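Undergrad: The structure's right below; bear with me while I get my questions together.
Bear in mind that the values in this text are calculations on the coordinates, not laboratory data. Model, not experiment: these values are computed from the prediction. Please note: Cβ atoms are built from the backbone with ideal geometry, for glycine as well, and neighbour counts cover all protein chains shown.
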Amino acid sequence: MRRAVFLDRDGVINREILRNGHATAPFEILPGVQDALDRLRGAGFLLIIVTNQPDVARGSVSRDAVEAIHSRLRQMLTVDDIRVCYHDDADGCACRKPAPGMLYAAAVEHDVALAASYMVGDRWRDVGAGRSAGCTTILVHSDRREPTAIEPNIRMGGLGDAAPWILAHAQRGR
């Protein structure tokens, strides 16, 4: 089985610009992301983005707009997969984080050992999904002002800080 690093998109891979507490559409890869991904890939990790995009269900963003961003991400970064939940909380699906459905589905498709994998996110929902799936969880700094409902295994400044920690942690062998 393979190891993976599951990555939230907004706030981990790209800068999330908040207006009135809600994310907006501008897109910019965060500093250090490409280097971090290269280091993780070089160590044999699969890189899988798992992202909630409820604005599609809410009708404020089109699915085509989200897919265009993901097409651009695939051109700019080396990732193995991008999993998306287009539902809102009221839909009660198994894929919307904090539910672990996207991680489970990716694990089956890519033969991933979840207990040897990591979930990097900037919200408690990411930590919850990773914890439920059995991954080591890393919460990176966020400008969002929300409580951390579920404690991560560790907190880091960003993916650039998390990558060396993951590599050292994996080498020590959990």
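Undergrad: Search the structure for amide H atoms under 5 Å from the amide H of VAL50, placed 1.01 Å from N in the peptide plane, and list their residues when 5 or more places away or on another chain.
TA: Hits under the 5 Å cutoff: LEU7, ASP8, ARG9, ARG83.
Undergrad: Shifting gears a bit: Alpha carbon centre of region 48-121 versus region 131-154: separation in Å?
TA: 17 Å
Undergrad: OK, next. Cut-off is 10 Å between beta-carbons; in what order do ASP10, ASP55, ASP111 appear when sorted fewest neighbours first?
TA: ASP111, ASP55, ASP10
Undergrad: May I ask you to sort MET119, MET1, MET102 by Cβ crowding, counting other Cβ atoms within 10 Å and putting the fewest first?
TA: MET1, MET102, MET119
Undergrad: A follow-up question, please. No other cysteine beta carbon under 4.7 Å away is the test; run it over the chain and list who passes.
TA: CYS93, CYS135
Undergrad: Under a point spin-label approximation (7 Å from Cα along Cα-to-Cβ), what is the ASP35-ARG72 distance to one decimal in nm?
TA: 2.4 nm
Undergrad: Then there's this: Please compute the length gained on full extension between ARG2 and ASP91, using 0.36 nm multiplied by the number of residues separating them and subtracting their Cα-Cα distance.
TA: 28.9 nm
Undergrad: I need the phi-derived Karplus couplings for region 87-98: 6.51 cos²θ - 1.76 cosθ + 1.60, θ = phi - 60°, integer Hz, Gly and Pro marked x.
TA: Result, ordered by residue: 7, 9, 3, 4, 6, x, 7, 8, 9, 6, 4, x Hz.
Undergrad: So, one more: Roughly what percent of Cα-Cα pairs across region 56-127 reach past 15 Å?
TA: That fraction is 64 percent.
Undergrad: Got the relative contact order for the chain handy, in percent, Cα pairs under 8 Å and 6 or more residues apart?
TA: Once normalised by length, the contact order is 25 percent.
Undergrad: As an exercise, use a Förster radius of 25 Å and the Cβ-Cβ distance of GLU146 and PHE27 to find the FRET efficiency, rounded to the nearest 0.05.
TA: Given R0 = 25 Å and the Cβ-Cβ separation, E is 0.65.
Undergrad: Also, quick follow-up: Work out the charge dipole of region 61-174 with +1 on the Cβ of Lys and Arg and -1 on the Cβ of Asp and Glu about the Cα centre, then indicate which of THR136, HIS110, TRP165 is farthest towards its positive end.
TA: TRP165
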